[in-house]
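Peer 1: Sharing a structure here in structure tokens format.
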Amino acid sequence: MTQNVLLTGFEPFDKDPLNPSWEVARALDGWQPAAMDGACTVRAVQLPCVFGDAIARLEQAVAQWQPTLVICLGLAGGRTEITPERVAINVDDARIPDNAGRQPVDTAVHAGGPAAYFSTLPIKAMVRDMRAQGVPAAVSNTAGTFVCNHIFYALMHHLATGTGGVRGGFIHVPTLPELAALHPGMPSMALATQVRGLQVAIETALAHQTDVREVGGALH
Ligand code: PCA
């Protein structure tokens, strides 16, 4: 029986014609990491960029695919590297409306939930291995307070309160060159590089149950 890795990306938002996070996820749909010898398959699912609805879609996908590993992706326009996120906080504080016009300000993702959850992905090992394969990467210490942090928190809450054993986390990706061309001055990373980075990150996450301790993996 094959085990599943659930990889989500978001639909476009904020007037962009596409969302790199979904382009990366869908490029990897059906991919089987060579190291797992056909025993593991990536399942890509697109999430709406809508507070609340994104959580419902994610929980549906987890129930459908019963993954052993969940990685949610999102766009962080302006970043130059692929950035595994360290921590999700229990805050929704939207700078712009989401795709349904919702704009929560200073509310909780889950009322009564803990202030924060840490990623259970080996974030520094992933950064180390992506860099070793020529893909710019760094640990990020904030996923913001928009829909990406919202889904990251909801994922970790779902996994922490579930039957156990499933690891997960969130990775922000830079924008793509064709989108950067619409936002002069914005840095970008080619789709092929991003896809390669995620392949390495997934293989590392499958191979390492615990993280390495290493200096210099984080954004400053
Ligand atoms: N990026 C946004 C939400 C969807 C996405 O791809 C964020 O960083 O919150």
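Peer 1: Taking region 66-84 on its own, how many of its residues are of a type outside the set (Ser, Thr, Tyr) and open to solvent by less than 10 Å² (accessible area, probe 1.4 Å)?
Peer 2: Selection size over region 66-84: 9.
To keep it simple, each residue is scored yes or no on (1) over 24 Å from ALA108 (Cβ atoms); (2) more than 14 Å from the ligand (Cβ to nearest atom); (3) hydroxyl-bearing (Ser, Thr, Tyr); (4) open to solvent by 50 Å² or more (accessible area, probe 1.4 Å).
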residue	(1), (2), (3), (4)
THR142	no, no, yes, yes
VAL147	no, no, no, no
PHE152	no, no, no, no
LEU155	no, no, no, no
LEU159	no, yes, no, no
GLY162	no, yes, no, no
GLY165	yes, yes, no, yes
THR175	yes, no, yes, no
LEU191	yes, yes, no, yes
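Peer 1: Yes or no: ALA137 buried (at least 20 other Cβ atoms within 10 Å of the Cβ), touching a strand residue (DSSP E or B) at 6+ places or on another chain (Cβ under 7 Å) and among the small types (Gly, Ala, Ser)? Working first, answer last.
Peer 2: Details: buried (at least 20 other Cβ atoms within 10 Å of the Cβ): yes; touching a strand residue (DSSP E or B) at 6+ places or on another chain (Cβ under 7 Å): yes; among the small types (Gly, Ala, Ser): yes.
Here the answer is yes, as ALA137 does meet what is asked.
Peer 1: So ALA63 fits all but one of (1) free of Cβ contacts under 8 Å to residues at least 60 places away in the same chain; (2) more than 10 Å from the ligand (Cβ to nearest atom); (3) open to solvent by less than 60 Å² (accessible area, probe 1.4 Å); (4) not charged (D, E, K, R); what number is the exception?
Peer 2: Failed condition: (3).
Peer 1: Being assigned to a helix (DSSP H, G or I), touching a residue at least 24 places away in the same chain (Cβ under 8 Å) and buried (at least 24 other Cβ atoms within 10 Å of the Cβ) narrows it down to one residue among GLY169, GLY197; which is it?
Peer 2: Testing whether each residue is assigned to a helix (DSSP H, G or I), touching a residue at least 24 places away in the same chain (Cβ under 8 Å) and buried (at least 24 other Cβ atoms within 10 Å of the Cβ) leaves just GLY197.
Peer 1: Which residues, taken from region 95-119, are in a loop (DSSP other than H, G, I, E, B), over 21 Å from ASN19 (Cβ atoms) and open to solvent by 60 Å² or more (accessible area, probe 1.4 Å)?
Peer 2: Residues satisfying the conditions are VAL105, ASP106, ALA111, GLY112, ALA115.
Peer 1: Among the numbered conditions (1) over 11 Å from LEU6 (Cα atoms); (2) crowded, with 16+ Cβ neighbours inside 10 Å; (3) away from the ligand (no atom under 15 Å from the Cβ), tell me where ALA56 comes up short.
Peer 2: (2)
Peer 1: Any idea which of VAL24, VAL50 is open to solvent by less than 60 Å² (accessible area, probe 1.4 Å), in a helix (DSSP H, G or I) and within 16 Å of the ligand (Cβ to nearest atom)?
Peer 2: Going through VAL24, VAL50 in turn, just one is open to solvent by less than 60 Å² (accessible area, probe 1.4 Å), in a helix (DSSP H, G or I) and within 16 Å of the ligand (Cβ to nearest atom): VAL24.
Peer 1: Suppose the filter is in contact with a helix residue (DSSP H, G or I) (Cβ under 9 Å, 6 or more places away or on another chain), closer than 29 Å to PHE51 by Cβ, away from the ligand (no atom under 13 Å from the Cβ) and outside any strand (DSSP E or B); does MET130 pass it?
Peer 2: Numbers: in contact with a helix residue (DSSP H, G or I) (Cβ under 9 Å, 6 or more places away or on another chain): yes; closer than 29 Å to PHE51 by Cβ: no; away from the ligand (no atom under 13 Å from the Cβ): yes; outside any strand (DSSP E or B): yes.
Answer is no for this residue.
Peer 1: So ASP37 ticks every box in (1) more than 13 Å from the ligand (Cβ to nearest atom); (2) within 14 Å of LEU198 (Cβ to Cβ); (3) among the charged types (D, E, K, R) but one. Which box is left unticked?
Peer 2: (2)
Peer 1: Which members of region 140-154 meet the condition of being assigned to a loop (DSSP other than H, G, I, E, B) and either over 21 Å from THR80 (Cα atoms) or not small (Gly, Ala, Ser) (or both)?
Peer 2: Correct list: ASN141, THR142, THR145, PHE146.
Peer 1: So in region 1-21, with the set limited to residues that are open to solvent by less than 60 Å² (accessible area, probe 1.4 Å) and in a loop (DSSP other than H, G, I, E, B), which one is farthest from GLY168 (Cα to Cα)?
Peer 2: Filtering first and then ranking leaves ASP16.
Peer 1: Select from region 85-94 the residues that are within 14 Å of the ligand (Cβ to nearest atom) and farther than 27 Å from VAL195 by Cβ and write down the one among them that is surrounded by the most Cβ atoms within 10 Å (Cβ to Cβ).
Peer 2: Per the criteria, the residue is ASP92.
The values are calculated or read from the model by the stated rules, or taken from the named source; none is laboratory data. Worth saying up front: this structure is predicted, and the values here are computed from it rather than measured. Cβ atoms come from the backbone with ideal geometry, glycine included; neighbour counts cover every protein chain shown. Accessible surface is based on the protein model in full, side chains and every heavy atom, while ligands, DNA and RNA are left aside. Shrake-Rupley method; radii C 1.70, N 1.55, O 1.52, S 1.80 Å.
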